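The structure appears right after this line, and notes come after that.
The values are calculated or read from the model by the stated rules, or taken from the named source; none is laboratory data. Everything numeric in this text was worked out from a predicted model, so none of it was measured. Glycine also receives a Cβ, built like all others from the backbone with ideal geometry; neighbour counts cover every protein chain displayed.
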Amino acid sequence: MSVRMSYQRLKALRLDNSVTMRALHILPAYSAYQKTYSLLQRSQRWSREELAAYQMQALSRLLDHAYENVPYYRRVFRDQGLVPGDVQTPGDLNRLPFLTRDDLQKNLPDLKARNYPESAFEYVTTGGSTGIPVGFYYERGASRAREWAFMKTQWDRVGYRFTDRCVVLRGYVVGSQKTGTYWKRALLGRWLIMSSHHMTEETMPAYIDRIRRFKPRFIQGYPSTAAILARYMEEHDIEPFPTVKAVLCGSENLYPWQRDLIREAFGCRVFSWYGNSEQTVLAGECEESTRYHVFPEYGIVELIGRDGRPVEGPGETGEVVTTNLTNFVCPLIRYRTMDAAVLGNAPCSCGRAYPLLEKVEGRLQEFIVTKDRRLIPMTAVNMHSGVFDNVAQFQFYQKREGEVLLRIVKRPRYTEEDTAWILRELGEKFEGDVDVTIRFVAKIPRTRLGKYQFLIQDLPLDRWGISEDEKEWRTESG
């Protein structure tokens, strides 16, 4: 049934009641999608001044709404001696305090807008990749539709169409060893959802055969799962899939070594985007560069240094602090994402006047701390080299400054020479400031969402430091 069908037309049809009700739920979602997608088709070509005007108008609406209808923000404004009119530009947001994950959890009931019915709230939780699981609310029937409009706009840049076939490798558990089938069709057969939990040396030939017969135009996946497939193809001299135009990577940080590996194995563009489950930030690459274009229609992004002040210029690293402009049922204003990114230098040759992030370094929990308390991002640790040819899986673990444990799952041909080579290369990468111990394990477990966590960081990095009394921090970009 077409989602374009009017309410009156649906009522006129004497359909089974359950089918009618499902269709009636689709209509508001389609409306939210269509309205957002239509806006983005226009706004992506607006000037910087037009985007700034739109963003400020959206921010004013959000702040007025939060002040009038959200108890938590009414208290925040009163505690600061402010009213929404005191925020005249996005830069004035620094007059409001940050919203931390702890604040969100402690005040969640008071973050619900009182002018929405209970049926409008959809409770959602993150996967807790930073060690702090977080719960919050989407607007039922609208938030996910708006998100899809933004995602479709991003994917338009590499030619994605609704009718395209797409393989999905994003943490799903599908099938079982009993059946030997680890995939299923979805979206009227256009998507082939494949289990990332059964990707082994034994099953990989079946995966590759199924993908080749499915003839997808795109592969969508976590960078870690796409890299597993790419690594197998590279090691076994398997030709790229001729129909695949691009690999769409998201929901994890895309490390440079993963990008290189995937691009070489698949022989096509690797397209990455950055966002979070809280829906406070969304940014993606464009047709012409690998820099992340921040959607100003989606939210306001600040990059904040450890002193709580904005970073000064392009090339500077800061924590990503975000304000969502579309979710009014549970507003998140100046939300600390615990992600780190590098400020880009606009404009981009694609012509969009969007703010740019040169790169996303990852979660603050994805930094290794040296003996002299420098922070080295995992993006600087290149794992796509001959030194790791005989390693099936790896994972770093840090509990003490200047020390890391490297867990390794060996391949059959692994020898002591590989151990010496790995230690030598990491010693050069860490400039002698991190002692590395290798431990061999049979398996490295995934997170409950099916992701591989390349670093388990047990040091308190959530406030850009190693301890509360630390006064300086430096970042080594590698």
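Residues in the stretch 402-457 that are closer than 30 Å to V168 by Cβ and of a type in the set (A, V, I, L, M): I408, V409, V441, A442, I444, L449, L455, I456. If you go through the stretch 271-285 and keep only what is of a type outside the set (A, V, I, L, M) and closer than 19 Å to V247 by Cα, you end up with F271, S272, W273, Y274, G275, G284, E285. Restricting to the stretch 391-426, count the residues that are over 27 Å from E201 (Cα atoms) and either in a strand (DSSP E or B) or among the aromatic types (F, W, Y) (or both). Qualifying residue count, the stretch 391-426: 5. Among the residues of the stretch 241-253, which ones are in contact (Cβ under 8 Å) with a residue 60 or more places away in the chain, in a loop (DSSP other than H, G, I, E, B), closer than 25 Å to F367 by Cα and not hydroxyl-bearing (S, T, Y)? Within the stretch 241-253, E252, N253 meet the criteria. Of all the residues in the stretch 70-85, those that are farther than 14 Å from T323 by Cα, surrounded by 13 or more Cβ atoms within 10 Å (Cβ to Cβ) and either touching a residue at least 60 places away in the same chain (Cβ under 8 Å) or of a type in the set (A, V, I, L, M, F, W, C) (or both) number 4.
For first residues located in the stretch 48-69 and within 18 Å of V294 (Cβ to Cβ), partners that are outside any helix (DSSP H, G or I) and basic (K, R) and lie 6+ apart or on another chain with Cβ distances below 8 Å do not occur.
Does S195 fit the bill of being hydroxyl-bearing (S, T, Y), buried (at least 17 other Cβ atoms within 10 Å of the Cβ), farther than 30 Å from L39 by Cβ and in contact with a Lys or Arg (Cβ under 7 Å, 6 or more places away or on another chain)?
no
A residue that is among the charged types (D, E, K, R), at pLDDT 85 or above and farther than 28 Å from Y452 by Cβ can be found somewhere in the stretch 330-344.
Checking the conditions here, which among Q41, Q57, Q88 is outside any helix (DSSP H, G or I) and surrounded by fewer than 17 Cβ atoms within 10 Å (Cβ to Cβ)?
Numbers: Q41 fails: outside any helix (DSSP H, G or I); Q57 fails: outside any helix (DSSP H, G or I).
Every option except Q88 fails the conditions.
Can you confirm whether the stretch 122-137 contains a residue that is touching a Cys at 6+ places or on another chain (Cβ under 6 Å), assigned to a loop (DSSP other than H, G, I, E, B), surrounded by 15 or more Cβ atoms within 10 Å (Cβ to Cβ) and of a type outside the set (D, E)?
Restricting attention to the stretch 122-137, the residues satisfying the condition of being touching a Cys at 6+ places or on another chain (Cβ under 6 Å) are 136-137.
With assigned to a loop (DSSP other than H, G, I, E, B) added as a condition, the list becomes none.
The answer is no; no qualifying residue exists.
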